[in-house]
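The values are calculated or read from the model by the stated rules, or taken from the named source; none is laboratory data. What you see is a predicted model; the values in this text were computed from it and never measured. Cβ: placed from backbone, ideal geometry, glycine included. Neighbour counts: every protein chain shown. We work out accessible area using only protein heavy atoms, side chains counted, and drop any ligands, DNA or RNA first. Shrake-Rupley method; radii C 1.70, N 1.55, O 1.52, S 1.80 Å.
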Amino acid sequence: MMGRVSQAEAKANRERVVEAASRLIREKGVAEVGIVDVMQSIGLTQGGFYKQFASKGALVDEAMAKGLADNARYLASMDEQAGGHAAAWRSLAETYLSVEHRDDPGSGCPAAGFAGDTARHPEHRRTYADGVRTMAEWIAPGDAGLAALAALVGGILLARATTGTDLSEQILRAVREAVTGSVEGRPVGETE
């Protein structure tokens, strides 16, 4: 007979489920990830899922929110680690538009990883839009940040879609060069 889990264990399990769902959804998409997949990936049974979540949709929204919030914390820490925002931006562009990021969507950018599913599932758009706005504002104020983020996300999605061809790495290089160049006469990421 299995014993009941403590509240602390239940909370830790919930966090593990959300983390696993965030990773798996970025990797495979909402339609390809079932509750069983998420639970099995962390060694739990499906039975405990409905004690923690009202539905798969509720889990998806929470997984998106977590992925986007984790990303916002990561970006905030980059300025200090890189010694300033311009250096942090350049570092982000280099790592974002890399073969390693292209080949690892599960731990990659949530803006790219959740884009297709959010387009198909409008119930998650508010969560997604808030995360995208935060990411764009970190890059640069206003339209410059939005344009740079759109270039990053579009570039990585196109590179992933063309993996295995010469075009994939060409896309990564071209977008990397474009976004580390100039927007409105100053490097993207530099504020006035």
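Are any of the residues in segment 10-22 charged (D, E, K, R), at pLDDT 95 or above and closer than 23 Å to Ala150 by Cα?
No, because not a single residue in segment 10-22 is charged (D, E, K, R), at pLDDT 95 or above and closer than 23 Å to Ala150 by Cα.
Enumerate the pairs (first residue in segment 149-172 and outside any helix (DSSP H, G or I); second residue anywhere and open to solvent by 70 Å² or more (accessible area, probe 1.4 Å)) with beta-carbon separation below 8 Å, excluding pairs fewer than 6 apart on the same chain, so at least 6 apart or on different chains.
That search, which allows pairs on different chains as well, returns Thr163/Asp103.
Output the qualifying pairs, or none if there are none: Cβ atoms under 7 angstrom, residues six or more apart or on different chains, first residue in segment 86-110 and within 23 Å of Thr127 (Cβ to Cβ) and in contact (Cβ under 8 Å) with a residue 60 or more places away in the chain, second residue of a type in the set (Asp, Glu) and assigned to a helix (DSSP H, G or I).
Pro105/Glu27; Gly106/Glu27
If you go through segment 121-148 one residue at a time, how many are buried (at least 19 other Cβ atoms within 10 Å of the Cβ) and outside any helix (DSSP H, G or I)?
1
Quick check on this structure: which one of Ala161, Ala178 is in contact with a helix residue (DSSP H, G or I) (Cβ under 9 Å, 6 or more places away or on another chain), open to solvent by 30 Å² or more (accessible area, probe 1.4 Å), of a type in the set (A, V, I, L, M) and modelled with pLDDT under 95?
Ala178
Among the listed residues Arg14, Arg26, identify the single one that is in contact (Cβ under 8 Å) with a residue 60 or more places away in the chain and surrounded by 12 or more Cβ atoms within 10 Å (Cβ to Cβ). Lay out the reasoning, then the answer.
Numbers: Arg14 fails: in contact (Cβ under 8 Å) with a residue 60 or more places away in the chain.
Arg26 is the lone residue from the list that is in contact (Cβ under 8 Å) with a residue 60 or more places away in the chain and surrounded by 12 or more Cβ atoms within 10 Å (Cβ to Cβ).
Considering every residue within segment 63-75, establish whether at least one is open to solvent by less than 50 Å² (accessible area, probe 1.4 Å), under 18 Å from Ala12 (Cβ atoms) and not in a helix (DSSP H, G or I).
No, segment 63-75 contains no residue that is open to solvent by less than 50 Å² (accessible area, probe 1.4 Å), under 18 Å from Ala12 (Cβ atoms) and not in a helix (DSSP H, G or I).
Residue pairs, Cβ under 7 Å, 6 or more apart or interchain, first in segment 46-62 and free of Cβ contacts under 8 Å to residues at least 40 places away in the same chain, second surrounded by fewer than 15 Cβ atoms within 10 Å (Cβ to Cβ). List them.
Sorted first by the residue in segment 46-62, then by its partner, the pairs are Gln46/Val36.
Out of Ala87, Ala21, which single residue is surrounded by 15 or more Cβ atoms within 10 Å (Cβ to Cβ) and either in contact with a helix residue (DSSP H, G or I) (Cβ under 9 Å, 6 or more places away or on another chain) or over 21 Å from Leu157 (Cα atoms) (or both)?
Ala21
If Leu59 meets every condition in (1) farther than 25 Å from Ala129 by Cα; (2) in contact with a helix residue (DSSP H, G or I) (Cβ under 7 Å, 6 or more places away or on another chain); (3) open to solvent by less than 80 Å² (accessible area, probe 1.4 Å) apart from one, which number is that one?
Answer for Leu59: the failing condition is (1).
(1) in contact (Cβ under 8 Å) with a residue 24 or more places away in the chain; (2) farther than 25 Å from Arg126 by Cβ: which one isn't true of Glu19, the others all being true?
Result: Glu19 passes all but (2).
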